[in-house]
Amino acid sequence: MDLTEMQYHVLTTERCNLKCKYCGGTRNLPGVPLDITYDIRHLIDFISKDKEAVIGFYGGEPLLSMDRLEEIMDKVPVRAFTLQTNGTLLHELKDPYLHKLHSILVSLDGDSKITDESRGEGTYDMVMDNIKNIKEKGFKGDLIARMAFSDEGDIHRDVTHLLRTFDHVHWQLDVFWTELENRENVNSWIDRYDEGIRLLIEDFKNGMKKGSVIGIVPFIPVFRTLITGEPHHIWCGSGMDSFTIMTSGSIEACPIAPELLYSNIGDIRTSTPGGIENSRPVGTPCTECDILWVCGGRCLFANQTMGWGREWFDRICLTTRRMIDGLKELVPLAKELMKDGTLKEDAFDYPEINNGCEIIP
Ligand code: SF4
Ligand code: SF4
């Protein structure tokens, strides 16, 4: 069986050295060991069956288990390695491992005020020092800021700030664990978000006119889909071509909720990549949605749990719809700019691999 390119989040540890507001730090989930308990030979056997495998190190904070990360990079054959990190230990990555990473995704929410509010006093400065450190060491891979967009955020301001340092900026709405209806000022928060997206789309348009594609991760692949008309499945790939290998060796659709039944896929000791591919498609209401072909279903977890109830699910969908509609308006301009050579034909071919960005916020 031919596999499409598959991405595997590998959790090197469940431990975390921060306690961010929206996540809470080390999870201590029943049945999920804090550190890897499987024999790495089982990971080698499993991954070797997928010639195009991408491993994305994930946690907890994956760099807290540096030995395991190095061992996996030394021994497991893959197309590429990526890393999602809170950035506090980046300076400890030894050169050969740093330079072997295709992409590094660093969690930051904007400037020091907005980041430290959620992630702890002094986090922003510490992480920015470490970014400087890896740049000085000559890191040439894709450097991506990964934001959680929360109550105090201003999406236009925060993305613009991080684009000064990073090649690309991605974000996720801080909506996973919250009872949305009980959150203070949630309506104005989402309205402000929609307005900020409109401003970012304006910036994206102005960039295109000058022949450049601003590194706003959620826009680029969605825009490419709008140009080509080729449908895409769920962008994070969860349950389709992206899976998570937990510290126990169990395989989940994604790292977020291993305690939920829909998430359990298999185990590296008994499953094969070919056997798990495309095993958890999104269900209703996404399957009845007119923009499924471009949205992809946004999030398998939200789709399967419908945790906020239909009304709030639809409100979050409206932000996706508005983003897509705003980008759709730029398609004729992009086609013209491609025709006259201002933009290259492959200008929107991003990301090169599934680098762990979920794409739809
Ligand atoms: S817009 Fe909403 S309902 Fe439509 S595909 Fe996306 S997540 Fe599903
Ligand atoms: S978008 Fe949803 S399904 Fe995809 S990785 Fe994130 S939590 Fe999991």
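The values are calculated or read from the model by the stated rules, or taken from the named source; none is laboratory data. Small disclaimer: the values here were computed from a predicted structure and weren't measured. Note: ideal-geometry Cβ built from the backbone for every residue, glycine included; neighbour counts use all protein chains shown. Heads up: the accessible areas ignore ligands, DNA and RNA and are worked out on the full protein's heavy atoms, side chains in. Shrake-Rupley method; radii C 1.70, N 1.55, O 1.52, S 1.80 Å.
Some notes on this structure:
- One residue from 269, 322 being more than 10 Å from ligand 1 (Cβ to nearest atom), open to solvent by 60 Å² or more (accessible area, probe 1.4 Å) and either of a type in the set (Phe, Trp, Tyr) or assigned to a helix (DSSP H, G or I) (or both): 322
- Qualifying position, being touching a residue at least 24 places away in the same chain (Cβ under 8 Å), basic (Lys, Arg) and under 16 Å from residue 47 (Cβ atoms), among 280, 269: 269
- Scoring residue 180 on the criteria (1) farther than 21 Å from residue 280 by Cβ; (2) at pLDDT 95 or above leaves a single failure, condition (2).
- Residue within region 275-286 that is open to solvent by 20 Å² or more (accessible area, probe 1.4 Å), touching a strand residue (DSSP E or B) at 6+ places or on another chain (Cβ under 8 Å) and either assigned to a loop (DSSP other than H, G, I, E, B) or of a type in the set (Phe, Trp, Tyr) (or both) present: yes
- Checking each residue in region 293-334 for being more than 16 Å from ligand 2 (Cβ to nearest atom), farther than 24 Å from residue 280 by Cβ and in contact with a helix residue (DSSP H, G or I) (Cβ under 7 Å, 6 or more places away or on another chain) picks out 315, 322, 326, 327, 328, 330, 331, 333, 334.
- In region 325-348, residue nearest to the chain's Cα centre (by Cα) [restricted to those that are within 30 Å of residue 52 (Cα to Cα) and open to solvent by 80 Å² or more (accessible area, probe 1.4 Å)]: 346
- The residue list 117, 230, 184 contains one member that is more than 25 Å from residue 294 (Cα to Cα), more than 16 Å from ligand 2 (Cβ to nearest atom) and either open to solvent by less than 60 Å² (accessible area, probe 1.4 Å) or outside any helix (DSSP H, G or I) (or both), which is 184.
- Some residue of region 291-311 being more than 16 Å from ligand 1 (Cβ to nearest atom), modelled with pLDDT of 95 or more and more than 14 Å from residue 218 (Cα to Cα): no
- Taking the criterion of being in contact (Cβ under 8 Å) with a residue 24 or more places away in the chain and not in a loop (DSSP other than H, G, I, E, B), the residues of region 131-148 that qualify are 131, 133, 134, 142, 143, 144, 145, 146, 147, 148.
- Scope region 151-172; condition open to solvent by 10 Å² or more (accessible area, probe 1.4 Å) and within 16 Å of ligand 2 (Cβ to nearest atom); matching residues: 172
- For region 187-202, a residue qualifies if it is away from ligand 1 (no atom under 16 Å from the Cβ), open to solvent by less than 50 Å² (accessible area, probe 1.4 Å) and at pLDDT 95 or above, and the qualifying residues are 196, 200, 201.
- Members of region 246-274 found to be within 16 Å of ligand 2 (Cβ to nearest atom) and out of contact with any helix residue (DSSP H, G or I) (no Cβ under 6 Å at 6 or more places or on another chain), listed by number: 246, 250, 251, 254, 255, 258, 259, 260, 261, 263, 264
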